[in-house]
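Accompanying notes for the structure given below.
Taken together, the values in this text are just the output of simple stated rules run on the coordinates, not laboratory data. Since the model is a prediction, treat every value here as computed from it, not as a measurement. Counting neighbours? That spans all protein chains shown, and the Cβs are built from the backbone with ideal geometry, glycine included.
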């Protein structure tokens with residue numbers, strides 16, 4: 001490993017940033033937010049190594065022990081989800097480094113790293129799963145409002161959609177037959193039109209008869225080009241509701257009914273509960289390895305797919 005480690009790490013990330021190009025290789029970074037996140041991680045990881053290890057010695061190399069020591073240092077300040085994201089970023093950094101510096105003798109053994117558990121003390125857990133019965137309590141209350149704001153949490157509960165995806169979904173994107181589970185499927189469009197975090201399109205299966213009935217109820221009387229979560233036309237003629245409005249309305253109803261129990265949680269917590277339910281249904285049909293892939297795809301996660309990245313959504317991987 002050469003001198004100026006942090007600079008090399010950042011150079012590796014910069015060399016793999018391919019904005020607005022279609023992702024065709026694991027080393028590519030195609031989104032601005034992903035680029036900034038992994039670049040910040042590269043600087044943080046490189047600085048840590050430079051401070052705690054003798055990087056100028058000929059026999060130094062990044063390995064399992066170096067990575068684990070870095071993660072152990074973060075357990076007091078980071079949640080389990082954040083530790084998982086940092087490990088994911090290190091794996092991305094490893095792939096980028098191998099691509100930009102192929103001459104380096106690089107064996108990080110990231111696959112052997114067992115992520116330590118968080119010891120962070122906090123009053124509230126962000127994005128913890130919201131139980132289905134809680135969703136069934138707040139959704140009817142939201143549906144009583146004159147706006148269609150309740151349709152957003154309903155889509156997160158029964159389809160596992162991100163809040164940004166709920167306000168982009170149109171009736172034409174919903175099919176109420178076929179699909180992996182026989183109850184239909186929903187198409188999340190690629191690019192900005194679909195509202196996906198990574199702009200990747202995907203197919204989301206309708207989970208069961210209850211979910212199908214819920215979808216039928218919110219699209220009843222609408223035209224194919226209508227938004228499922230619509231508002232009255234603004235001065236520009238747009239009927240698309242904002243994610244912030246959905247989040248705010250859901251937060252108010254959760255607080256009213258459950259106090260601070262689900263503080264800092266919303267559609268994403270509903271999405272997590274859906275993920276476990278989907279995994280359990282898939283597991284009745286497919287092998288464990290296939291279900292991990294199919295559930296990750298339905299959630300809209302980026303490859304490589306694996307148990308570690310799925311664990312924050314599906315705690316019971318069986």
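Below 8 Å between Cα atoms, with a sequence gap of 6+, how large is the relative contact order for the chain in percent?
Reported relative contact order: 17 percent.
Mind ranking 168-177, 135-144 by how tightly packed they are, going by the mean number of other C-beta atoms within 10 angstrom, highest first?
Output ranking for 168-177, 135-144: 168-177, 135-144.
How would segment 77-203 be classified by its alpha-carbon gyration tensor: rounded, prolate or oblate, with rounded meaning a/c under 1.5 and the a/b versus b/c comparison settling the rest?
Because a/c hits 1.5 or more and a/b fails to exceed b/c, segment 77-203 counts as oblate.
Tilt of helix 132-143 relative to the longest C-alpha principal axis of the chain, in degrees (0 to 90, nearest 10)?
Helix 132-143 sits at roughly 50 degrees to that axis.
For Cα pairs less than 8 Å apart in space and 6+ apart in sequence, what is the mean separation divided by the residue count of segment 5-112, i.e. the relative contact order in percent?
This gives 36 percent for segment 5-112.
Take each of the peptides 281-287, 43-49, 11-17, average the number of other beta-carbon atoms within 10 Å over its residues, and list them starting from the highest.
For the peptides 281-287, 43-49, 11-17, the packing ranking is 11-17, 43-49, 281-287.
Classify segment 5-112: rounded, prolate or oblate, from the alpha-carbon gyration tensor (a ≥ b ≥ c, eigenvalue square roots; a/c under 1.5 rounded; otherwise prolate if a/b is larger than b/c)?
Taking the square roots of the gyration eigenvalues as a ≥ b ≥ c, segment 5-112 is oblate.
Given R₀ = 51 Å, what would the calculated FRET efficiency be for residue 40 paired with residue 286, taking r from the Cβ atoms and rounding to 0.05?
0.85
Separation between the residue 144 and residue 257 pseudo-spin-labels, each 7 Å from Cα along Cα→Cβ, expressed in nm?
So the two model labels end up 1.1 nm from each other.
Once fully extended, how much extra length lies between residue 33 and residue 54, figured as 0.36 nm per residue of separation less the alpha-carbon to alpha-carbon distance?
Residue separation times 0.36 nm, minus the Cα-Cα distance, leaves 4.4 nm.
Expressed as a rounded percentage, what relative contact order does segment 132-310 have, with Cα pairs under 8 Å and six or more residues apart?
Over segment 132-310, the number comes to 26 percent.
Just subtract the alpha-carbon distance of residue 18 and residue 311 from 0.36 nm times their residue separation and send over the number in nm, one decimal.
The residue 18-residue 311 span can extend by a further 102.6 nm.
Taking R0 as 22 Å, what FRET efficiency do you get between residue 76 and residue 112 from their Cβ-Cβ distance, rounded to the nearest 0.05?
0.40
How many percent of DSSP beta bridges within segment 132-310 run antiparallel, rounded to 5?
Bridges in segment 132-310 that DSSP calls antiparallel: roughly 90 percent.
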